[in-house]
Structure formats: structure tokens, C-alpha cells
1. What number of residues within segment A:49-77 are facing chain B (nearest Cβ under 10 Å) and in a loop (DSSP other than H, G, I, E, B)?
2. Determine which single condition B:THR139 fails, assuming it passes every other condition in (1) in contact with a Phe, Trp or Tyr (Cβ under 9 Å, 6 or more places away or on another chain); (2) in contact (Cβ under 8 Å) with a residue 12 or more places away in the chain; (3) open to solvent by 20 Å² or more (accessible area, probe 1.4 Å).
3. When you check B:GLU148 against the structure, is it surrounded by fewer than 19 Cβ atoms within 10 Å (Cβ to Cβ), out of contact with any helix residue (DSSP H, G or I) (no Cβ under 8 Å at 6 or more places or on another chain), at pLDDT 95 or above and assigned to a helix (DSSP H, G or I), yes or no?
4. Residues A:SER87, A:SER82, A:SER32, A:SER41: which one is without any contact (Cβ under 8 Å) to a residue 60 or more places away in the chain, within 11 Å of another protein chain (Cβ to nearest Cβ), among the small types (Gly, Ala, Ser) and open to solvent by 10 Å² or more (accessible area, probe 1.4 Å)?
5. Go over the candidates B:TRP171, B:TRP213, B:TRP179 one by one and state the one that is hydrophobic (A, V, I, L, M, F, W, C) and farther than 29 Å from B:ASP88 by Cβ.
6. Can you run down the residue pairs with Cβ atoms below 7 Å, 6 or more apart or on separate chains, where the first is in segment B:171-194 and closer than 16 Å to B:ALA206 by Cβ and the partner is part of a loop (DSSP other than H, G, I, E, B)?
7. Any residue at all in segment A:2-22 that's within 21 Å of B:ARG104 (Cβ to Cβ) and without any contact (Cβ under 8 Å) to a residue 12 or more places away in the chain?
8. Given the structure, is B:PHE109 touching a residue at least 40 places away in the same chain (Cβ under 8 Å) and either buried (at least 16 other Cβ atoms within 10 Å of the Cβ) or facing another protein chain (nearest Cβ under 10 Å) (or both)?
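The values are calculated or read from the model by the stated rules, or taken from the named source; none is laboratory data. If you're wondering where the values come from, they're calculated on a predicted model, not measured in any experiment. Using ideal geometry, Cβ is built from the backbone for each residue, glycine included, and neighbour counts are taken over all protein chains shown. Accessible surface is based on the protein model in full, side chains and every heavy atom, while ligands, DNA and RNA are left aside. Shrake-Rupley method; radii C 1.70, N 1.55, O 1.52, S 1.80 Å.
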Amino acid sequence: MAGELVLLDFWPSLFGMRVRIALAEKGVKYESKEEDLSNKSPLLLEMNPIIKQIPVLIHNGKPVCESLIIVQYIDEVWNDKSPLLPSDPYQRAQARFWADFVDKKVYVASRKVWRPKREEQEEGKKEFLETLKTMEAELGDKPYFGGETFGYVDLAFIPFYSWFPSYKVLDNINIEAECPKIFAWAKRCMQKEAVAKTFHDEKKVYEFVAKTRKKYVSA
Amino acid sequence: MASSATVTANQLIIMAELKLFRTWSSPFPLRVVWALDFKGIQYDTIFEDLSNKSSLLLQYNPIYKKVPVLVHNGKPLLESLVILEYIDETWKQTPLLPEDPYERATARFWAKFGDDKVLPSIWNVFIKQGKDQEEAIVTAQENLGFVERQLTGKKFFNGETIGFVDLAFGWLAKLLSLWEEVCGVTLIDHEKFPLLSEWIQNFADAPIIKESWPPRDKLITKYQALLEVYTSKEAPK
């Protein structure tokens, strides 16, 4: 079941973080290989020739690609502890739907915050906040999206929290004020060791985000 | 005509256990039709007019307001690939996904690649013109090349029988040739894509699949009209 595990990753990647959290939850040991995305390694191009992106989980030499697919794979292989997805098919469908919403709507909207012109940025901010409010409505009064315990949707969404401080300073988006339940939920998730140890130093993340943002925003 | 059908549907809804909201032409609900039919599961169908969505659809899918929606014992399921996994987990006969976790991950990857990359790249060929269309053709054929290689040594993506990835790519088996005809571009020819060409034939002619296609002439009319909208947007002023 264990075998050789290698994770091709990039330290600030929201998607890589999902896989790291899943592996930590399962207590599984693995080797991490940091990729330079401006100079992708032959291994990455061999293991993910189609999308050419990280994260890639290589298990006994065989690659698994796409973060949520990797997380489901981890859950199915190491199925003896810390289940990430619920066991009930309807709840599993709900979990898959909301994780997909994070990718299709929250992530896509977050990219629209960084656009060349001021009006476009404002539009992007509005859309991004709307997606966060939709997540907040879905969370309701539950401690986690999964209910009483941390699960698949929490794992899919929590990496975004690493960018919240940067959004506040650079884009004037105060998520703590706009979505207090989401903020409280994030703080609750950060109490988990598996989550907290995935997060890097806030200043290091801020510098990375600021640098990335400059590529898109001229104003 | 739409409103009387809705009234009947509302009466049925209270009684029936499994209801599928779809349109006459959309390929995504067709995936759900195929999955349910393959497993021999009974269900009621509600046809939606997306220009005049029923209050039930909006109630069940307030976020995307789209089809398909599968309602099972009053609880809605959304997003066709999510629905397919739910169907496979709830009704175990004629499994769609393999049992081995690595093969399942591979199947999920290809279904996602189909929706995220292949379909949009082919759609781009359909709606664009001139140099934009030429570039779109290159991307689409590159994507199709990856898909072609996945069929090496197999009749279907799932092997000897139709499975999850075949249903995910099902739209390709009928809509591609249709779009090629309407916009006058050939993307898949038998020489460059022999395996995909054969898969298209095998899938389109398979039992259950064969009977499920919307009427071709109606589809041609629909896509011709859609193309006209896109062409008029792009036309020089």
C-alpha cells in the first residue's frame, strides 16, 4: 500500500497544498520535489505530458494528476484512517459539487481581481466576494463544510486562506469583515496540524503574491 | 405547450422517486440518461426550456440554474460527472468506473480533460473565423491527439465495454461531425485519427446510445442558428 511516493510541487501552490494536507491527514510519508515552473523538469514533463502542471503524485512510478483527483486517489488507497470524503453517496456528491465550485467559481473569480484596469479590478473583486459569500452560505453554522469534521471541501478551500492577507493589503479586500464565518472557519482549520504545517511564512507568501500580481495589474 | 407539460410534471414529481431535468439537445444530461439506461434504472424526465426555466429547476439548482439536475427522493444532484459517480455508487450493476484506485484516477483525469480542454477547444473551432480559427484547429487537434492515443489497444476508453470516460466523451460521437458539417471544417479524419474514428462509430451505434440521440435535422438547425449569431458578432462593422 505504501510503496514509493513522490510529490512534484511548487511551494505557494493552492493546489499543491491540497495534496500536502491530504497526505498529512493520512500520516503518509513522501518525498517532495520542488519545481521551477519557468523551467519545468524532465520528470514533470514525462509524468504530466498533457497538462504539464503541478501537483503530480507519483506512486510506485505511476503519476496521478489534478489536485482533487489526487486527493480522491489518496483517500481510496489509504482508506484505513481519516476519511476525507463522506461514506454516504449523496453527501459525497455534495462534497464533489462544492469542491468543483471552488475550482470553477472561487478560483476563477480570484484571478479576475488582477486585471489591468481599475474598473475591471473592481468588477473582479465583486465577483470574487460573491463566490466567497456563496461558500459562506453553504457553510452556515457548521464548524466545517464536512459537518462536524474537517473533510474534502474544507481541504479544497482552505489553501485560499493563505492569500487572504495579501488580498487585504494589495487589493483592499477585507475578507474578515465581508465573510466573518469564512474567516472563523479558516482559523478553526488552522488549528489542525495537518493544515497549519502546510502554510508557509506569511511574509514569504505575501512577497510571492505581490510579485505575481504585478504581472497582471498595471494600476 | 411548455406550461401544460410542467403542470403534468409537477404532479408526477410528488409521486416519482427519480427525476431527470434535461433539455432536448444538451449533451450533458445525455450522460445521465445513458448511465441510468445502462443500469436499467427507471426515472421520469422533465424537459426544460432554458429560455423559460421552471421554478422547480431554479429551486433545485439555484447556483448554476442549468441542466442536468437529477432529483433522487427529493434531493437534487448537480453537475453531470458528479451525478455519474453518484449513480455508480448507488446502483452497483454495470459499473461505470473501474475498481482499482489508479484506474479510477485515470478515468477521472480523462473525463476532466475532455470537459476542461477538448470540448472548449473544439467549440472554438466552431465559432471562430480566419486566423483565430486556424489557431483553434491546431489546439483542438493537439488535444484530440492525446485522446486518440488513449484508445491504443482498446475498443472503448473503458476497454471492451462502455464506461465513465466513454460517456464523458459521448458528445464527440455525434456533435463533432455535426459541427464539422455546419462550419465546414474537418477536425477528425480516418487517416489522422483512426482509433477515434472507430470509437465514434462503435459508440454512436451501441445499443441504448443509438436510440438516445436528439433528431439530427433539429440539431443542425440549432447549430446553424448559433453559428450565425457568432459570425454576426465577429463580422467587420
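1. Counting residues in segment A:49-77 that are facing chain B (nearest Cβ under 10 Å) and in a loop (DSSP other than H, G, I, E, B) gives 5.
2. With (1) in contact with a Phe, Trp or Tyr (Cβ under 9 Å, 6 or more places away or on another chain); (2) in contact (Cβ under 8 Å) with a residue 12 or more places away in the chain; (3) open to solvent by 20 Å² or more (accessible area, probe 1.4 Å) applied to B:THR139, the lone miss is (1).
3. Details: surrounded by fewer than 19 Cβ atoms within 10 Å (Cβ to Cβ): yes; out of contact with any helix residue (DSSP H, G or I) (no Cβ under 8 Å at 6 or more places or on another chain): no; at pLDDT 95 or above: yes; assigned to a helix (DSSP H, G or I): yes.
Judged against the criteria, B:GLU148 is not a match.
4. Working: A:SER82 fails: within 11 Å of another protein chain (Cβ to nearest Cβ); A:SER32 fails: within 11 Å of another protein chain (Cβ to nearest Cβ); A:SER41 fails: within 11 Å of another protein chain (Cβ to nearest Cβ).
Of A:SER87, A:SER82, A:SER32, A:SER41, the one residue that is without any contact (Cβ under 8 Å) to a residue 60 or more places away in the chain, within 11 Å of another protein chain (Cβ to nearest Cβ), among the small types (Gly, Ala, Ser) and open to solvent by 10 Å² or more (accessible area, probe 1.4 Å) is A:SER87.
5. Working: B:TRP171 fails: farther than 29 Å from B:ASP88 by Cβ; B:TRP213 fails: farther than 29 Å from B:ASP88 by Cβ.
Of B:TRP171, B:TRP213, B:TRP179, the one residue that is hydrophobic (A, V, I, L, M, F, W, C) and farther than 29 Å from B:ASP88 by Cβ is B:TRP179.
6. B:LYS174/B:TRP213
7. No, every residue in segment A:2-22 fails to be within 21 Å of B:ARG104 (Cβ to Cβ) and without any contact (Cβ under 8 Å) to a residue 12 or more places away in the chain.
8. On the way: touching a residue at least 40 places away in the same chain (Cβ under 8 Å): no; either buried (at least 16 other Cβ atoms within 10 Å of the Cβ) or facing another protein chain (nearest Cβ under 10 Å) (or both): yes.
When the stated conditions are applied, B:PHE109 does not pass them.
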